Amino acid sequence: MQTIEIIISTDGQSRIETRGFTGSRCRDASQFLESALGKVSSEQLTAEYHQCVQHPPNQLRQEN
Amino acid sequence: MSHIVTIQTEVRDVEALGLACRRLELGEPVQETVPLFSGEATGYAVRLPDWRYPVVFDVERGQVRYDNFEGRWGEPAHLNRLLQSYGVEKCRLEARRKGHSVLENQLSDGSIKLTIQIGEGHAND
């Protein structure tokens with residue numbers, strides 16, 4: 001299942017986390033929220049992102 | 001998990017600002033020029049509880065202007081709650097426009113968690 005989790009703190013700062021996406025697709029998936037909410041102050045790519053981002057495009061399609 | 005982004009909220013959407021005000025049972029934001037202690041500000045003005053001056057949102061620039069004299073003329077928590085509600089409503093609006101479903105949960109520390117479930121047909125939107 002692909003989900004985007006957003007935690008909005010009591011001071012209005014948002015933290016967006018994508019789950020279930022492979023490689024750079026997570027960035028595409030959450031882009032609409034990032035640009036809608038404001039300025040990105042930090043970004044962290046997790047192990048899952050690095051594992052999948054180097055696969056050729058046809059392999060990415062097979063995974064999904 | 002694959003990607004975590006932290007964002008400082010900028011208020012640029014009047015509809016989401018209006019929904020946030022409704023959520024907190026504040027008056028509707030009104031486009032006007034209002035006096036602050038030093039000078040005046042033009043934009044969408046919101047009256048927060050017990051604040052001496054309104055908070056003014058310039059949605060074109062994503063800027064907010066207010067004068068609360070470091071908390072003496074207005075409790076900063078009220079503004080923070082408005083920014084939090086704006087973030088919630090803005091995310092809900094954007095998710096709805098994409099056709100995604102949204103679950104909302106209040107967390108014990110006061111944060112609000114939204115879970116957007118991406119439909120298969122929308123995975124690459």
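Pull up the range A:1-27, narrow it to residues that are at pLDDT 85 or above and small (Gly, Ala, Ser), then point me to the one that is nearest to B:Ile112 (Cα to Cα).
A:Ser9
Are any residues in the range B:82-112 open to solvent by 50 Å² or more (accessible area, probe 1.4 Å), at pLDDT 95 or above and within 8 Å of chain A (Cβ to nearest Cβ), and if so, which ones?
Answer for the range B:82-112, where residues must be open to solvent by 50 Å² or more (accessible area, probe 1.4 Å), at pLDDT 95 or above and within 8 Å of chain A (Cβ to nearest Cβ): B:Leu107, B:Asp109.
Residues being open to solvent by 50 Å² or more (accessible area, probe 1.4 Å), among the hydrophobic types (A, V, I, L, M, F, W, C) and within 14 Å of chain A (Cβ to nearest Cβ): count how many of those fall in the range B:20-44.
Matching residues across the range B:20-44 total 0.
Looking at (1) away from every other protein chain (no Cβ under 14 Å); (2) over 21 Å from B:Ser111 (Cα atoms); (3) surrounded by 13 or more Cβ atoms within 10 Å (Cβ to Cβ), which is the only condition B:Val14 fails?
(1)
Name the pairs: first residue in the range A:1-16 and at the interface with chain B (Cβ under 7 Å from one of its Cβ atoms) and of a type outside the set (Lys, Arg), second residue crowded, with 20+ Cβ neighbours inside 10 Å and part of a loop (DSSP other than H, G, I, E, B), Cβ to Cβ under 7 Å, at least 6 apart or on different chains?
Going by the 7 Å Cβ cut-off, the qualifying pairs are A:Gln2/A:Phe21; A:Gln2/B:Ile118; A:Thr3/B:Ile118; A:Ile4/B:Ile118.
In the range B:56-66, what count of residues is obtained for those that are out of contact with any Gly (no Cβ under 8 Å at 6 or more places or on another chain) and crowded, with 19+ Cβ neighbours inside 10 Å?
Summing the residues that are out of contact with any Gly (no Cβ under 8 Å at 6 or more places or on another chain) and crowded, with 19+ Cβ neighbours inside 10 Å in the range B:56-66 gives 1.
Please tell me if B:Arg52 is without any contact (Cβ under 8 Å) to a residue 60 or more places away in the chain and within 12 Å of another protein chain (Cβ to nearest Cβ).
Taking the combined requirement at face value, the residue does not satisfy it.
Checking the condition in contact with a strand residue (DSSP E or B) (Cβ under 8 Å, 6 or more places away or on another chain) and closer than 30 Å to A:Leu45 by Cβ, which residue from B:Arg97, B:Arg92 passes?
B:Arg92
In the range B:13-39, what count of residues is obtained for those that are without any contact (Cβ under 8 Å) to a residue 60 or more places away in the chain, within 23 Å of B:Ala77 (Cβ to Cβ) and touching a strand residue (DSSP E or B) at 6+ places or on another chain (Cβ under 8 Å)?
The number of residues fulfilling the criteria is 6.
Quick check on A:Ser30: is it within 24 Å of B:Leu107 (Cα to Cα), part of a helix (DSSP H, G or I), modelled with pLDDT under 85 and facing chain B (nearest Cβ under 7 Å)?
yes
Name the strands (runs of 3 or more DSSP E) wholly within the range B:7-125 that hold at least 2 residues that are under 22 Å from A:Gln13 (Cβ atoms)?
Those strands (runs of 3 or more DSSP E) span B:40-46, B:55-58, B:63-65, B:101-106, B:112-117.
The values are calculated or read from the model by the stated rules, or taken from the named source; none is laboratory data. Computed from a prediction, not measured in an experiment: that's the story for all the values here. Cβ sites come from the backbone with ideal geometry, for glycine too, and all protein chains shown count toward neighbours. We work out accessible area using only protein heavy atoms, side chains counted, and drop any ligands, DNA or RNA first. Shrake-Rupley method; radii C 1.70, N 1.55, O 1.52, S 1.80 Å.
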